[in-house]
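S.K.: Encoded as structure tokens, here's the structure I'll be asking about.
Values quoted throughout were computed directly from the atomic coordinates according to the rules given, and no laboratory measurement underlies them. Computed from a prediction, not measured in an experiment: that's the story for all the values here. As a convention, Cβ positions derive from the backbone with ideal geometry for all residues, glycine included, and neighbour counts pool all protein chains shown.
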Amino acid sequence: MALTTRRRALTTIGAALTGAVALPATQAVAGEQKHRPRPLWRAHAHNDYEHPRPLFDALDHRFGSVEADIFLVGDQLLIGHTVDDLDPTRTLESLYLDPLARIVKANHGSVYRGWRRPLQLLIDIKTEGSSAYLELDRHLQRYKHLFTTYAHGRVFPGPVTAVISGDRAARTPMEAQTVRRAFYDGRLTDLGSSAPASFISLISDNWTLNFTWQGVGTFPDSERQKLHGIVDTAHARGQQVRFWATPDVAGPARDALWGELLAADVDYLNTDDLAGLEAFLDARR
């Protein structure tokens with residue numbers, strides 16, 4: 001973990017999941033929109049909760065996605081990377097759900113004021129997936145106006161889109177629901193399957209298990225074609241793409257790989273280095 005971390009599809013579902021573009025400046029509060037830095041929608045805060053100020057550090061760096069690992073302990077959803085990290089005061093509600101609810105209320109319906117596009121909250125289940133998801137669903141129901149919702153075949157965008165990753169057993173109870181406030185994080189084995197973007201909104205996988213290139217030397221043509229093919233297939237179905245286990249040590253190799261991910265239109269770039277990715281993306285606008 002020390003060395004690695006974990007364009008928009010033109011379909012109705014894809015547009016609903018990613019949200020609308022920015023509000024015109026005249027609609028922004030006090031005309032501030034044109035002076036406010038654009039959110040970095042492609043920036044994903046891997047293991048966000050390990051930063052000094054979970055959620056808030058990522059938002060200060062304008063990230064479009066944050067990741068929270070959860071453990072089901074009784075009826076509580078505790079945040080941590082391992083069991084040894086768990087603290088009963090560090091819950092999904094205290095670190096993410098309650099702050100997001102307050103932020104959205106203060107910003108009149110969005111995480112980033114003046115921008116309708118939802119923040120992605122990737123929730124990685126570290127315990128048995130089925131029971132953890134059912135408890136998570138009960139928690140999400142308490143925040144009815146916060147989350148993008150799937151209901152009876154339609155997707156209704158909200159300020160935050162929850163995507164469920166981690167233990168694969170969460171898939172069964174999620175697929176059985178006619179109404180849910182979360183979407184599923186698929187793998188490359190799900191690419192091109194019958195599961196729609198209204199269920200699998202995101203395709204994620206381990207970079208090192210699918211590509212040999214780590215940013216040093218020339219990106220092999222065969223691997224570049226493979227990467228572009230993955231993204232094109234996902235986007236054609238309204239799905240987004242993310243890779244974890246990409247190089248995350250500052251330097252030419254990381255920049256080269258991030259550059260190839262951008263060129264291929266990968267939706268989310270993974271990092272623990274919030275300032276590093278912010279600077280990289282700002283330099284390449």
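S.K.: What net charge do the residues around LEU55 carry, taking every other residue with its C-beta under 14 Å from that of LEU55, with Lys and Arg at +1 and Asp and Glu at -1? Walk me through the numbers on the way to the answer.
M.R.: On the way: positive: ARG53, ARG62, ARG90, ARG102; negative: ASP48, GLU50, ASP57, ASP60, GLU67, ASP69, GLU93, ASP98.
With Lys, Arg at +1 and Asp, Glu at -1, the net is -4.
S.K.: Another question, then. Using a simple spin-label model with points 7 Å from Cα along the Cα→Cβ vector, what separation in nm is obtained for SER94 and GLN141?
M.R.: Here the answer is 2.5 nm between the modelled labels.
S.K.: I would also like to ask the following. Looking at [x] -0.66, -0.76, -1.14, -1.22; [y] -0.50, -0.61, -1.19, -1.37; [z] -0.57, -0.67, -1.06, -1.15, which value of log10 I(q)/I(0) by the Debye sum over Cα atoms at q = 0.10, 0.11, 0.15, 0.16 Å⁻¹ comes from a calculation on the structure shown?
M.R.: For log10 I(q)/I(0) by the Debye sum over Cα atoms at q = 0.10, 0.11, 0.15, 0.16 Å⁻¹, the calculated option is [y].
S.K.: Run the numbers for ALA283 and THR172: contour at 0.36 nm per residue of separation, minus the present Cα-Cα distance, in nm. The partial results should precede the final answer.
M.R.: On the way: separation 111, 0.36 × 111 = 39.96 nm, distance 4.23 nm.
Stretched out fully, the ALA283 to THR172 stretch lengthens by 35.7 nm.
S.K.: In debye, nearest 20: dipole of the chain around its Cα centre with unit charges on the Cβ of K, R (+) and D, E (-)?
M.R.: Working: 32 positive and 34 negative charges, 285 e Å.
The dipole magnitude comes to about 1360 debye.
S.K.: Around VAL66, under 10 Å between beta carbons, what's the net of Lys plus Arg minus Asp minus Glu among the other residues? Before the final figure, lay out each step's value.
M.R.: Numbers: positive: none; negative: ASP48, ASP57, GLU67.
With Lys, Arg at +1 and Asp, Glu at -1, the net is -3.
S.K.: Now, a different point. Using mean Cβ contacts within 10 Å as the protection proxy, how do 226-238, 98-110 order, highest first? Walk me through the numbers before you get to the answer.
M.R.: Numbers: 226-238: 18.2, 98-110: 15.3.
Result, highest mean Cβ count within 10 Å first: 226-238, 98-110.
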